[in-house]
Amino acid sequence: MKERKKKLPVGIEDFQEIVTEDFYYIDKTGMIRDLLYNWGKVNLFTRPRRFGKSLNMSMLKYFFETGCRKELFDGLSISEDTELCKKYMGRFPVISISLKSVNGNDYETARSMLCSVIGREAMRFQFLLDSERLTDREKEMYAQLICLGSGDEGMFIMADDVLMSSLHTLSELLRIHYDSRVLILIDEYDVPLAKANENGYYDQMVMLIRNMFERALKTNENLYFAVMTGCLRVAKESIFTGLNNFNVLSAAEVGFEEYFGFTDTEVRKMLDYYDLLEYYDVVKEWYDGYQFGNLEIYCPWDVISYCSRLRLNPNAQPEAFWSNTSSNVVIRRFLEHARSITKQEIGRLISGESIVKTIRQELTYKDMYDSEDNIWSLLFTTGYLTQRGASDGNKMRLAIPNKEIQNIFEEQISRWFQDTARRDGEALNAFCEAFANGDAEDAQQKLNAYLNRTISIRDTAVRKEMKENYFHGLLLGLLSYKENWYVTSNRESGDGYSDILIEIDEKKIGIVIEVKYAEEGALETGCREALHQINERRYTDMLLEDGMHTILKYGVACYRKRCRIEMEKEGDDTI
């Protein structure tokens, strides 16, 4: 009988659930030891989304909190340090909140969501109402944290002074009850600021968060230590004013690198456990390539998601799992405001090169799009770019981490390029009609004009097929403008899969296009190879089967910002 494997924790962020419900867990409990031995009163970890921040925060809560189930950590790395476990495990009251759900479209909605986050956490400690160590006034202070509004909404209601002091108040009451200082864990601390910036109430939210954090983290004698996570290291003058003993551990810092994301050894072990080791090269190409400190790191969300897919379907192709969890708006806004030299740098990155940029790791959300330099910093902190080698002060050598992120850039460039082209519908229509009319020279002239306005792929280490895919995508996007044309990509026809097939049903015209990247600028040779492939592999078969009378075959060769188009025709003479 085949051995039953552990379940893969796709989207599971609760440490106890993973350990007790037979999920595969990559041991990150060494983070507890490093936190305690490398002391910081307030510790901020900044990493891109989907790199295990929330799961690690859950792990910390279960380890430190009073009443800890010690068996949860049996066999894990931290259990080997018996003295540390004896001193710290289950010894502290813990306040643990996540702000990832505080994403209102206006300030009042976001504020109400924040009240609910604090109120729900406070509800875990209802025994405080009966505590013999609390005075009646202190119990009244607690009751204000769990006060529910009337009606069916069940929303928590707090006055501004109560909300701003809520974390401090709760920590004080817990310290009195337990006679022990308190741990405060705040996951995704910057989400409310990001949403406020998007929706026009940033200043109000900054004021609220600043007051809450100052009272909880800066002047709080009840605090033992705090851990926070987020994507962006928000500037201290924004919400951390005057906060001393503030330990910031970003993706660029040496230390704690292995606790967010998977190392190469961990990925190999997981693939081997699930009998998927044959997919190692694919997983590495698509999901590896991040540099945290001095370590090379894989995106854990991607690795787990792809392994889960492979277990169901051994022929499953890698996908952009990470990018599908976001709108990728930062790249789009970058492209819209990029200067000519910046577009050249983006082309170099997509081609596999690296560039040196000055990175500001401390930003405010308000400043993110104020300059191109800030957007480079944002692309780095959010995981679209990664570091290569050691930094020189604030100067870093940046690169696209892997194939998944490269595809995101290419897709966003294609969409931006299409949207830009469609603003001049008359010109785009004329471009499409040149293909329908069999006018290769006119189509070539117009495509060269378009290529001159977009981002080029340089002739570097990127594989030829990837360069061809880039130009293929741009051309496909342009030709898809015609709503009454049936345009397909990589459709099976004859003895293979053609790049682009077009059927113009009312005119019974079929168009087949093969795109080649012309190495060293040999455009004429590239066109001949493309046309030869169309004929040899009989890409026109599907068009003929679908009743097209006139067949136009185009070989398109591209090199950086230049192209050549050649055409062969078969069937009716009239077009």
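The values are calculated or read from the model by the stated rules, or taken from the named source; none is laboratory data. Predicted model only: the values in this text are computed from it and were never measured. Counting neighbours? That spans all protein chains shown, and the Cβs are built from the backbone with ideal geometry, glycine included. For the accessible areas, the whole protein counts, side chains as well, though only heavy atoms, and no ligand, DNA or RNA atoms are used. Shrake-Rupley method; radii C 1.70, N 1.55, O 1.52, S 1.80 Å.
Listed values, structure above:
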read-out: Whole-number percent relative contact order across the chain, with pairs defined as alpha carbons under 8 Å at least 6 apart; value: 11
read-out: 28 Å Cα-Cα threshold exceeded, pairs from K6/K61; K284/K357; K70/K195; K343/K395; K482/K569; K41/K269; value: K70/K195; K41/K269
read-out: Three-way shape call for the stretch 84-201 based on the alpha-carbon gyration tensor, with the a/c threshold at 1.5; value: oblate
read-out: Additional length obtainable on full extension of the chain from T488 to A143, 0.36 nm per residue less Cα span; value: 117.9 nm
read-out: Cα gyration tensor, the stretch 147-208 - rounded (a/c under 1.5), prolate or oblate; value: oblate
read-out: Residue-level accessible surface for R175, protein heavy atoms, 1.4 Å, Å²; value: 80
read-out: Heavy-atom accessible area ranking, 1.4 Å probe, most first, across D203, D187, D81; value: D203, D81, D187
read-out: Å² of accessible area per residue within the stretch 157-260, as computed with a 1.4 Å probe and no ligands counted; value: 34
read-out: Candidate lysines - alpha carbon under 17 Å from K464, same-chain residues fewer than 8 apart omitted; value: K403, K516, K561
read-out: Probe 1.4 Å, all protein chains present, accessible-area order of S305, S101, largest first; value: S101, S305
read-out: Accessible area of the stretch 437-514 divided out per residue, in Å², using a probe of 1.4 angstrom; value: 44
read-out: Carbon plus sulfur fraction of accessible area for the chain, probe 1.4 Å, in percent; value: 44
read-out: Radius 14 Å from Cβ of Y481, net charge of other residues (Lys, Arg +1; Asp, Glu -1); value: 0
read-out: Under the Karplus curve 6.51 cos²θ - 1.76 cosθ + 1.60, θ = phi - 60°, whole-Hz ³J(HN,Hα) for the stretch 489-500, x wherever Gly or Pro sits; value: 10, 6, 8, 5, 7, x, 9, x, 10, 6, 5, 9
read-out: Accessible-area ranking of M155, M396, largest first, probe 1.4 Å; value: M155, M396
read-out: Percent antiparallel among DSSP beta bridges (both partners in the chain, rounded to 5); value: 50
read-out: Surface accessible to a 1.4 Å probe, H532 within the full protein complex, Å²; value: 110
read-out: Area of K218 that stays accessible when all protein chains are in place (1.4 Å probe, Å², to 10); value: 90
read-out: CD proxy at 222 nm, helix term only [per DSSP H run n ≥ 4: -39500 (n - 2.57); per residue of the chain; nearest 500]; value: -12500 deg cm²/dmol
